[in-house]
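As structure tokens, the structure follows; a few thoughts come after it.
Quick note: the coordinates plus some simple rules give every number you see, no bench work behind them. The structure presented is a predicted model; accordingly, all values stated were derived computationally and were not measured. Cβ placement follows ideal geometry from the backbone for every residue including glycine, while neighbour counts extend to all protein chains displayed.
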Amino acid sequence: MKWYFRDLQKYSDTDPFTFNENLQIKADLLDRYADEVIDASDFKVEGTAFADQGDVIIDSHIVGKLVVPSSRSLTPVDLPLDFTVEEFYVPTKAAESRYGKDDVVFVLDEDDMVDMQRAVVDNVILHIPMHVLSPEELAGKEMPSGNDWDVMTVDDYSKQKAELKTVDPRLAELKNFFKNRDSK
């Protein structure tokens, strides 16, 4: 799904360019983001593109499913995705100032191509949450562990840290040793 920027500039908001495609982005995802993605279904992409003041606005709805590693145990987790994206394509750097900081704006020449497949791949990656847990991990399954290591919760870590702060009663007198020297 690639279109020339100049061709998209011909459509108006009353008669927009519409698209409805199934994209196979698994190869792109695995090539660019092998650590974040294990598998991907085809993604359904539908939307419109139209020109406004020489700029092109693309609104799209993206639906598909990824298999990603759990952020705790690296076990595969199904992650359904369903989101919308609005992107602005402008012909000059000056036109970029018409949009806010939170808007996604790309500056393109008239002969440049709008690569919707690349935009979908980038947005799919952006919609993967930082913390992904398997259903078992969400249900409270025991944390993973191995030879001389284990994953612990923040509460467990706080308890362990508090236990390490307790002083052996035989050494308690030593904590006042330097206080007497400083007072002289």
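So what's the angle, to the nearest 10 degrees on a 0 to 90 scale, between helix 116-126 and the longest Cα principal axis of the chain? It works out to around 20 degrees. Taking amide H as placed 1.01 Å from N in the peptide plane, residue 25 has its amide H under 5 Å from the amide H of 43, each at least 5 places away in sequence or on another chain. Comparing 176, 97, 114 along the charge dipole axis of the range 93-184, the residue lying farthest to the positive side is 176, per the Cβ-charge model. Here the 3J(HN,Hα) profile of the range 97-110, calculated from phi with Karplus coefficients 6.51, -1.76 and 1.60 at θ = phi - 60°, is 5, 6, 10, x, 5, 7, 7, 8, 10, 10, 9, 10, 7, 4 Hz, Gly and Pro shown as x. Expressed to the nearest 5 percent, the antiparallel share of DSSP beta bridges inside the chain is 90 percent. Normalised by 2.2 N^0.38 Å, with N the number of residues, the alpha-carbon radius of gyration of the chain equals 1.69.
In what sequence, highest mean first, do 123-133, 10-20 appear when ranked by Cβ atoms within 10 angstrom? List each step's numbers first, then the result.
Details: 123-133: 14.0, 10-20: 12.2.
By packing density, highest mean first, the sequence is 123-133, 10-20.
Which part of the range 78-95 falls in the paramagnetic zone of residue 44, meaning amide N under 18 Å from the point 7 Å along Cα-to-beta-carbon? The answer is 79-85.
Suppose every Lys and Arg Cβ carries +1 and every Asp and Glu Cβ carries -1, with no other charges. What dipole size does the chain come out with about its Cα centre, to the nearest 20 debye?
Working: 21 positive and 38 negative charges, 302 e Å.
Dipole of the chain, to the nearest 20 debye: 1460 debye.
Pairs exceeding 23 Å between alpha-carbon atoms, taken from 2/44; 2/26; 26/101: 26/101.
Karplus-based coupling profile of the range 150-159, in residue order and whole Hz: 7, 8, 10, 6, 4, 5, 4, 5, 4, 5, with θ = phi - 60° in 6.51 cos²θ - 1.76 cosθ + 1.60 and x standing for Gly or Pro. Summarising the amide proton neighbourhood of residue 75: residues at separation of 5 or more, or on other chains, whose placed amide H is nearer than 5 Å comprise 70.
Taking the average, over residues, of other Cβ atoms within 10 Å as the packing measure, peptides 91-104, 36-49, 67-80 rank 36-49, 67-80, 91-104 from highest down.
A straight line joining the Cα centroids of the range 106-134 and the range 65-95 runs 7 Å.
With all pairs of different alpha carbon atoms counted, what Kirkwood hydrodynamic radius in Å does the range 32-128 show? Kindly include the intermediate steps, with their values, before the conclusion.
Numbers: mean 1/r = 0.0665 Å⁻¹.
Here the Kirkwood hydrodynamic radius works out to 15.0 Å.
Can you give the FRET efficiency to the nearest 0.05 for residue 127 and residue 148, using r as the Cβ-Cβ distance and R₀ = 35 Å?
Values: r = 36 Å, r/R0 = 1.04.
The pair residue 127/residue 148 has a calculated efficiency of 0.45.
Report note on the peptides 51-62, 154-165: ranked by the mean count of other C-beta atoms within 10 Å, highest first, their order is 51-62, 154-165.
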